[in-house]
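**Q** Can you keep this structure in mind? I'll have questions shortly.
The values are calculated or read from the model by the stated rules, or taken from the named source; none is laboratory data. Here the structure is a predicted model, which is why all the values come from computation and not from measurement. FYI the Cβ positions are ideal-geometry reconstructions off the backbone, even for glycines, and counts take in every protein chain you see. Heavy atoms of the whole protein, side chains included, go into the accessibility calculation; ligands, DNA and RNA do not. Shrake-Rupley method; radii C 1.70, N 1.55, O 1.52, S 1.80 Å.
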Amino acid sequence: MTGEPGVLPLLQMALRIEQDIFVIRQRGREVASVVGLEHQDQIRIATALSEVARDLLRMVGGADVAFHVDAGADGRFHLRADLAPVAPLPGGRYEPQSGAVSRLVDTLSTSTVEGVTVVRMSRRVPANAPTPTPERLAEFRTELGRTAPASALDELTVQNGQLIAALDEVRSQRDELAVLNEELAETNRGVLALYNQLTEELEETNRGVVALYAELDEKSAQLRAASESKSRFLANVSHELRAPVTAIIGLGRLLTDSASDPLTAEQARQVDLIRSSAADLLGLVNDLLDLAKAESGRIEPDWADVDLRPVFGQLRGTLRALATRPDVELVVEEPPTPAVLRTDEVLLGQVLRNLLHNGLKFTERGEVRLRARRHDDRWILTVSDTGPGIEPELHERIFEEFYQVPGATRVGGTGLGLPYARRVVTLLGGTLELTSEPGRGSTFTVSLPVGGA
Ligand code: ADP
């Protein structure tokens, strides 16, 4: 701070008797107001002044008081009050009686300037106050000179007024606080109630979910059990059926054997009927047995490195006999080489025969084609035909057991071929999918990993 002596103070006054304390307090507030301190700060510095003045009057019998405005090192202005004691301070220092006093101002210290000891306090002028130029300071001096110090009684009245106002403020703040507290408690109660409700709802939901899961588990266990007993039933029944059906076929063959007694034409026709019905029945029983085995996981693939070319060659040969329609061509393409994958040759042959057989069964003109191509680490085998095609909504249903597209039954079959094929392909680590549109034929795609499952 620039506190050089010789700079004209804003105001000077003497502290010698008790009443002077009131005057110093009052004038201090006026100075603070003139230089632009806020109302609260005016009261603070005035209070600090009267406290220090009271101490100094008691300790050394008085002081000379001077007010200045300085530019501080922080570039801001400060109101400074110097109280120069009229006699040396005991111990050379001033310690305020009440420690709270120093908190009312920014600085409160004892300093010695050119041999003169002063008790100095300061408070920062707010940035929005007018800049105290020398001209303005001169104006302040004039202004302060004009207002005569009021009597101690006046100051007391003012002081009382301030005290009442402060008390009022405290009371209204306390009332406000009480209202706020009540509101807060209310809100808390609300939040707590909401929280409890939410917790309850959550628990309720949780209980529901847990119950639902328990039910689901139970249902799926029941389903599993039902499916297992169905497979077991199918396996047993078909196994038991096979022996008598085989016997019927054998006996029929015996009856028509040239070594047996000759039959009348009518008898021969009826025996043929019995034999072909029995053969159909055997086919069905075998399909059922296959499916039951596949479903119960009783099929163990016989893994080996299988060359697709001989497999395709065999299919070409055996299925030619089934391709009896003159307008339908069976095309088994030669697979690209090398055409080796790790799989079960017999099962793969069964699946492809099944698909090709279906194609030949349902296609009235055009072609049924088997093709193989390699895609990354998979073999993609497609059986496509130019047959009637299948409605999109039935694409999954035809893989269900016994499902046959309505109207398709006239060509015979059991509805077990595709579910079996899909089971087997899954067992071989692959997928069996269908793309088809009514009137545009069907393509069944078997995708198998080169390295096996
Ligand atoms: P099946 O052929 O013994 O009836 P599948 O399980 O092999 O039993 O086939 C189920 C049904 O899917 C068939 O009845 C038929 O309606 C339909 N389907 C299968 N393959 C074809 C195909 N290539 N073209 C048109 N429909 C087909």
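**Q** State, as an integer percentage, the relative contact order of the chain based on alpha-carbon contacts under 8 Å between residues 6 or more apart.
**A** Numbers: 627 pairs, mean separation 42.1, N = 453.
With pairs under 8 Å counted, the relative contact order is 9 percent.
**Q** To continue, here is another question. Which whole-Hz ³J(HN,Hα) couplings does the stretch 214-226 yield from phi under the Karplus relation 6.51 cos²θ - 1.76 cosθ + 1.60, θ = phi - 60°, glycine and proline marked x?
**A** 4, 5, 4, 4, 4, 4, 6, 5, 4, 4, 4, 4, 5
**Q** Okay, moving on. Taking H as built 1.01 Å from N, whose amide H comes closer than 5 Å to the amide H of T107, not counting residues under 5 places away?
**A** For T107, the qualifying residues are S122.
**Q** Can I ask one more? How long, wide and thick is the stretch 300-449, going by the Cα atoms along their three principal axes, in whole angstroms, largest first?
**A** 41, 31, 25
**Q** I need the phi-derived Karplus couplings for the stretch 160-166: 6.51 cos²θ - 1.76 cosθ + 1.60, θ = phi - 60°, integer Hz, Gly and Pro marked x.
**A** 4, x, 5, 4, 4, 4, 5
**Q** Here is a further query. Averaged per residue, what accessible surface does the chain expose to a 1.4 Å probe, in Å²?
**A** On the way: 26280 Å² over 453 residues.
Value returned for the chain: 58 Å² of accessible area per residue.
**Q** Do the sum for the chain: with -39,500 (n - 2.57) for every DSSP H run of n ≥ 4, divided by all residues, what is the mean residue ellipticity at 222 nm, to the nearest 500 deg cm²/dmol?
**A** On the way: 8 runs with 231 residues, N = 453.
Here the helix-only value at 222 nm equals -18500 deg cm²/dmol.
**Q** Near the amide H of V125, under 5 Å away, which other amide H atoms are found, from residues 5 or more places off or on another chain, if H is placed in the peptide plane?
**A** For V125, whose amide H was placed from the backbone, the distant partners under 5 Å are F77, H78, L79.
**Q** Roughly speaking, what is the stretch gain from T133 to V331, that is 0.36 nm per residue apart minus the C-alpha to C-alpha distance, in nm to one decimal? Before the final figure, lay out the partial values.
**A** Numbers: separation 198, 0.36 × 198 = 71.28 nm, distance 10.90 nm.
Length difference between fully extended and current span is 60.4 nm.
**Q** Would you please put 197-206, 306-315 in order of how densely packed they are, using the mean number of other Cβ atoms within 10 angstrom per residue and starting with the highest?
**A** Numbers: 197-206: 10.0, 306-315: 18.1.
Highest-to-lowest ranking by the protection proxy: 306-315, 197-206.
**Q** What Kirkwood radius, in Å to one decimal, follows from the Cα pairs of the stretch 215-371? Before the final figure, lay out the partial values.
**A** On the way: mean 1/r = 0.0519 Å⁻¹.
For the stretch 215-371, the Kirkwood estimate is 19.3 Å.
**Q** In addition: Towards the positive end of the charge dipole of the chain, with charges on Cβ (+1 Lys, Arg; -1 Asp, Glu), say which of A100, L416, N128 has the farthest Cα.
**A** So the residue we want is L416.
**Q** Using 0.36 nm per residue of separation minus the Cα-Cα distance, give me the extension gain between T205 and E433 in nm, one decimal.
**A** Details: separation 228, 0.36 × 228 = 82.08 nm, distance 3.99 nm.
Working it through step by step, the gained length comes to 78.1 nm.
**Q** Quick check on the chain: what does the Kirkwood estimate of hydrodynamic radius come out to from the alpha carbon pairs, in Å? Numbers along the way, then the final one.
**A** On the way: mean 1/r = 0.0302 Å⁻¹.
This gives a value of 33.1 Å.
**Q** Show me the trypsin sites (Lys or Arg not before Pro) within the stretch 54-134 that DSSP assigns to loop and that have at most 16 other Cβ atoms within 10 Å of their Cβ.
**A** Values: sites: R54, R58, R76, R80, R93, R103, R120, R123, R124; in loops: R76, R93.
Of the trypsin sites (Lys or Arg not before Pro), the ones in loops of the stretch 54-134 whose Cβ has at most 16 other Cβ atoms within 10 Å are R76, R93.
**Q** Still on this structure: Measure out, as a whole number of angstrom, how far apart the alpha-carbon centroids of the stretch 2-61 and the stretch 84-123 sit.
**A** 13
**Q** Take the alpha-carbon centre of the stretch 174-197, take the same for the stretch 307-364, and report the distance between them in whole Å.
**A** Rounded to whole Å, the Cα centres lie 81 Å apart.
**Q** What ³J(HN,Hα) values, in whole Hz, does the Karplus curve 6.51 cos²θ - 1.76 cosθ + 1.60 give for the stretch 186-203 when θ = phi - 60°, with x put for Gly and Pro?
**A** 4, 4, 4, 4, x, 4, 5, 4, 4, 4, 4, 4, 4, 4, 4, 4, 5, 4
**Q** Going by amide H atoms built from the backbone, whose H comes under 5 Å of the H on G387, apart from near neighbours?
**A** G441, S442
**Q** How much net charge surrounds D41 when only other residues with a Cβ under 11 Å from its Cβ are counted (Lys, Arg +1; Asp, Glu -1)? Don't skip to the answer; put the middle values down first.
**A** Working: positive: R29, R44, R123, R124; negative: E38, D106.
After counting each charged neighbour, the total is +2.
**Q** Need one number: nm distance between label points at L177 and Y213, each 7 Å from Cα along Cα→Cβ, rounded to one decimal.
**A** Roughly 5.1 nm, to one decimal.
**Q** Whenever you get a sec, compute what percent of the accessible area on the stretch 284-380 sits on carbon and sulfur atoms (1.4 Å probe). Walk me through the intermediate numbers first.
**A** Details: 2320 of 5080 Å².
So the carbon and sulfur contribution to the accessible surface is 46 percent.
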